[in-house]
Amino acid sequence: MKVQINLQSSYCHQTAQRGFTLIELMVVLAIIAGMAALIVPNLMDSADEGKSTSAKVDVSTIAQALDRYKLDNQAYPSTEQGLQALVERPTTGNSVPNWKQTIKKLPNDPWGRPYQYLNPGIKNEVDVMSFGADGATGGEGKNADIGSWQ
């Protein structure tokens with residue numbers, strides 16, 4: 001009596017069973033989507049916080065340049081002269097015989113708008129501010145105003 005074993009068909013049957021089922025793939029995709037839903041909003045908040053921090057640094061730098069301007073000229077630039085008086089000699093308002101450039105270039109805020117300047121200021125002797133992401137006064141979070149009084 002001879003017994004014959006067909007090893008080849010058993011082996012082929014096992015290799016055909018290897019792989020992922022559609023349900024397994026769907027579960028993995030659902031897990032990845034869930035993780036992305038948790039991570040992406042945190043990354044967006046980090047970008048907004050970075051812009052706010054950048055605006056605070058810019059406002060501080062401009063305020064220091066204004067203080068140097070005042071030391072040289074005994075007064076801050078008028079609102080009419082604006083922050084441009086830090087970069088080039090003002091052609092309007094009071095003459096400034098001791099004028100010196102106190103900042104190389106005026107930056108825009110992180111949202112692409114020029115910083116605002118008031119003399120006299122609302123909160124301080126002079127105010128430098130950005131109106132935040134929405135460009136309007138007031139607001140909260142990423143839309144909050146960022147000013148030299150903070």
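FYI, it's all coordinate maths here, none of it is from the lab. If you're wondering where the values come from, they're calculated on a predicted model, not measured in any experiment. Neighbour counts run over all protein chains shown; Cβ positions are idealised from the backbone, glycine included.
Odds and ends about this structure:
- Spacing of the two label points (7 Å from each Cα toward its C-beta) at K100 and Q84, in nm: 2.4
- Cβ-based exposure ranking for S130, S60, in which fewest neighbours within 10 Å come first: S60, S130
- The slack between A30 and T61, meaning 0.36 nm per residue of separation minus the straight C-alpha distance, is 6.4 nm.
- For region 46-150: relative contact order, % (alpha-carbon pairs under 8 angstrom, 6 or more apart): 26
- Which of T102, T79, T92 has the fewest Cβ neighbours within 10 Å, and the rest in rising order: T92, T79, T102
- Relative exposure of L118, L86, judged by other C-beta atoms within 10 Å (fewest first): L118, L86
- Interatomic Cα distance distribution for region 47-110, bins of 5 angstrom, percent: 4, 19, 28, 20, 12, 9, 5, 2, 0
- Rounded to 0.05, the FRET efficiency of the T92 and R68 pair, given R0 = 22 Å and the Cβ-Cβ distance, is 0.60.
- Pairwise FRET efficiency - W149 versus L38, Cβ, R0 = 35 Å, nearest 0.05: 0.45
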